[in-house]
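Accompanying notes for the structure given below.
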Amino acid sequence: MGLRYLQPAPGFKEYLPKDYVDLIDFGPFGKTDQLDATKLGQFKEIVEEHPMCAGCFMAYFVRVFYASLPNPEDTIVLGTAGCARLALSQAAVPFIYGNYGDTNAVASGLTRALKLRFPDKTKDVVAIAGDGGLMDIGFSMTMHSWFRKEKFTTIMVDNEVYGNTGGQESGMSPKGVQLKMAPKGKKFDKIPATELAKQAGCVYVAKLAPTNVKRMAKVIRRAILAAREFGPTFIHAYTSCNIEYSIPTEEVLKDAREREKKDFGFEEYMTDEVRQYLEEIEKKEKANK
Amino acid sequence: MYYVAKVDEEKCSTYNCKQCTLFCPEANTLMFDEEKNTAWVNEPRCKGCALCVYVCSDLLKRDCIQMVMVTAED
Ligand SMILES: Cc1ncc(C[n+]2csc(CCOP(=O)(O)OP(=O)(O)O)c2C)c(N)n1
Ligand code: SF4
Ligand code: SF4
Ligand code: SF4
Ligand SMILES: [Mg+2]
């Protein structure tokens, strides 16, 4: 589904801002087709400009995320303090700014409220926050939303640092790494986030580095579809911070490919019922093409 | 003055590619023109990261993108 709702009333289009008109003429507004991230660069995206750093792969992930939503016009994105919200808040779908650490509590309430208010409609809720937001300061709320089997998707954009506040160490920073505001070096391993997610009851869990658009889009879509029917879903994405890790911007993709080989290889877990459900949907979609 | 990516459209159009457009971190910036069969850069939006040069030159060995200096008036 595209963004069919967003059609200007007759005679009104010429008075609308250019960005809006471009979304009608060259983007998904007023159309029912599924967004297609593998065609990035060939249509006007629902995310507008953003103020994230040059070469930021977290910004890149946000771009792919918005181009992969299965149901953008009925999706609510929940962000919080941290770099990603700088781009997340620039898209033409509803965005809520949760207090830092609260994302998964707010998303829980929101998901339940939407079920009560719109019982006949499919509404998707996605919480996207950093490693600090989800695995440190928001840790208990993240875990408890999973224990409670809340039906929404959580995406951790893991840059292995508190990027937005200038380089403090997080639970997701790799062991031994020295950061600007943690000069002694990290003494502990990365938190095994995907293992925790599985143990806590997530029905779909994936880990990836952003090197393959098609796969990213598929994973994002699968996580959202599975959350609708079965329970919490989680994506752990490596999204480097070239500023805090001093990666030359032109080498950000090279770094992601290296990390993919080293410790961010693609992993996907799902329960049997989720697998069956997704296979059926994907088979139908293939037949319709 | 700032740095932006520039696509050699004549050279790019000899390939059937669209690869760099899948990796730019900026939205609505590195675009593909179906009619001319070439990538092109919406320069005021480009932040000059040169990630696209890595894709085109280092990964694909096609060398169709260069970083150039422009002034605000260009
Ligand atoms: C309750 C609360 N504590 C602390 C902060 C300050 N703060 C803003 S962003 C941030 C860290 C962000 O790190 P992360 O969640 O990893 O996101 P990143 O910027 O790295 O993407 C902190 C500590 C805040 N906004 N609210
Ligand atoms: S500080 Fe790091 S994560 Fe934040 S916008 Fe800049 S490069 Fe991206
Ligand atoms: S990667 Fe190079 S050849 Fe391919 S579309 Fe981009 S500019 Fe053209
Ligand atoms: S230099 Fe960076 S921002 Fe500019 S077009 Fe290339 S990838 Fe996009
Ligand atoms: Mg972080």
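The numbers here are math on the coordinates, done by the rules we state, and not lab data. These numbers were taken from a predicted model, which means no experiment stands behind them. With ideal geometry, Cβ positions are generated from the backbone for all residues, glycine too; neighbour counts draw on all protein chains shown.
Couple of notes before you dig in:
- Screening segment B:8-35 for residues that are among the hydrophobic types (A, V, I, L, M, F, W, C) and under 10 Å from the mean Cα position of the chain (by Cα) and picking the one that is surrounded by the fewest Cβ atoms within 10 Å (Cβ to Cβ) gives B:M31.
- Unmet criterion (only one of (1) of a type outside the set (S, T, N, Q); (2) in a helix (DSSP H, G or I); (3) in contact with a Leu (Cβ under 8 Å, 6 or more places away or on another chain); (4) over 19 Å from B:R45 (Cβ atoms)) for A:L116: (3)
- Residue satisfying all of: in segment B:12-54; facing chain A (nearest Cβ under 7 Å) and assigned to a helix (DSSP H, G or I); nearest to A:A92 (Cα to Cα) among these: B:R45
- Some residue of segment A:193-214 being assigned to a loop (DSSP other than H, G, I, E, B), in contact with a Phe, Trp or Tyr (Cβ under 9 Å, 6 or more places away or on another chain), away from ligand 4 (no atom under 16 Å from the Cβ) and within 14 Å of chain B (Cβ to nearest Cβ): yes
- For segment A:198-238, a residue qualifies if it is among the hydrophobic types (A, V, I, L, M, F, W, C) and closer than 17 Å to A:D158 by Cβ, and the qualifying residues are A:C202, A:V205, A:A206, A:L208, A:A209, A:M216, A:V219, A:I220, A:A223, A:F234, A:I235, A:A237.
- Some residue of segment A:115-128 being in contact with a Phe, Trp or Tyr (Cβ under 9 Å, 6 or more places away or on another chain), more than 16 Å from ligand 5 (Cβ to nearest atom) and among the charged types (D, E, K, R): yes
- Matching residues, segment A:21-61, being within 16 Å of ligand 3 (Cβ to nearest atom), crowded, with 24+ Cβ neighbours inside 10 Å and in a loop (DSSP other than H, G, I, E, B): A:L40
- Hey, A:V64 touching a helix residue (DSSP H, G or I) at 6+ places or on another chain (Cβ under 6 Å), more than 8 Å from chain B (Cβ to nearest Cβ) and not in a helix (DSSP H, G or I) or not: no
- Any hit, segment A:223-245, residues being within 14 Å of chain B (Cβ to nearest Cβ), touching a Phe, Trp or Tyr at 6+ places or on another chain (Cβ under 9 Å) and surrounded by fewer than 20 Cβ atoms within 10 Å (Cβ to Cβ): no
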